[in-house]
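For reference, the structure discussed in these notes is given below.
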Amino acid sequence: MKRHESLIPISRQHHGGLLTARLLQHGAPAYKGMPTALTAKRDYVVDFLQEHLLPHFKLEEETVFILAADYSEELKQQAQALQAEHRQLERLILALPGAEEAALPERLDAVGKLLEQHIRQEERVFFEIVQEKLPDEKLELLQQRVLEHLTL
């Protein structure tokens, strides 16, 4: 999938999210330099939330979601659903430290599956519609806002 320049920085950030999503799921292979123990995976994803996901969510919500939602009802509904998934992922991840160790495999798997599904939805559906339907001037504005956001 070729991405419009305005969406490339956001798409690039998704790579780390997909790797983390896969790491958390049942049957994940060992990845060099990545945790393998359940509690280490839990700690990793909690740190990943703070360091990567929350800033990434903010970037999406303050740039592409706003511009897309202002453009059409279809994109507004999709942006709202994706933003709701951001909040759901936050809640699920923040609840992990309080979970009993016996519950960790299922909870980590659920987070991993939701995170992967969420990123795939953004990449394969939402971003495709955004770059197809938004006029060039809106995509240029999006690119400007993304770059401004990243330099803050």
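A few remarks follow.
- Scan of the stretch 5-15 for residues that are assigned to a helix (DSSP H, G or I) and loosely packed, with under 15 Cβ neighbours inside 10 Å, ordered by number: ILE8, ARG12, HIS15
- Selected residue (criterion: farthest from the chain's Cα centre (by Cα)) from residues of the stretch 24-46 that are part of a helix (DSSP H, G or I) and of a type in the set (Val, Ile, Thr): THR39
- A search for C-beta distances below 9 Å between a residue of the stretch 82-94 that is at pLDDT 95 or above and any residue that is loosely packed, with under 13 Cβ neighbours inside 10 Å, counting only pairs 6+ apart in sequence or on different chains, returns GLU85/GLN117.
- Matching residues, the stretch 28-42, being surrounded by 12 or more Cβ atoms within 10 Å (Cβ to Cβ) and either without any contact (Cβ under 8 Å) to a residue 24 or more places away in the chain or in contact with a His (Cβ under 7 Å, 6 or more places away or on another chain) (or both): TYR31, MET34, PRO35
- Condition check for ASP70: part of a helix (DSSP H, G or I), exposed (fewer than 15 other Cβ atoms within 10 Å of the Cβ) and modelled with pLDDT under 95: yes
- Hey, GLU101 modelled with pLDDT under 95 and acidic (Asp, Glu) or not: yes
- Residue count, the stretch 73-92 (criterion: surrounded by 14 or more Cβ atoms within 10 Å (Cβ to Cβ) and either among the acidic types (Asp, Glu) or within 13 Å of the chain's Cα centre (by Cα) (or both)): 7
The values are calculated or read from the model by the stated rules, or taken from the named source; none is laboratory data. As the structure is a computational prediction, the values presented were derived from the model and not from experiment. Cβ sites come from the backbone with ideal geometry, for glycine too, and all protein chains shown count toward neighbours.
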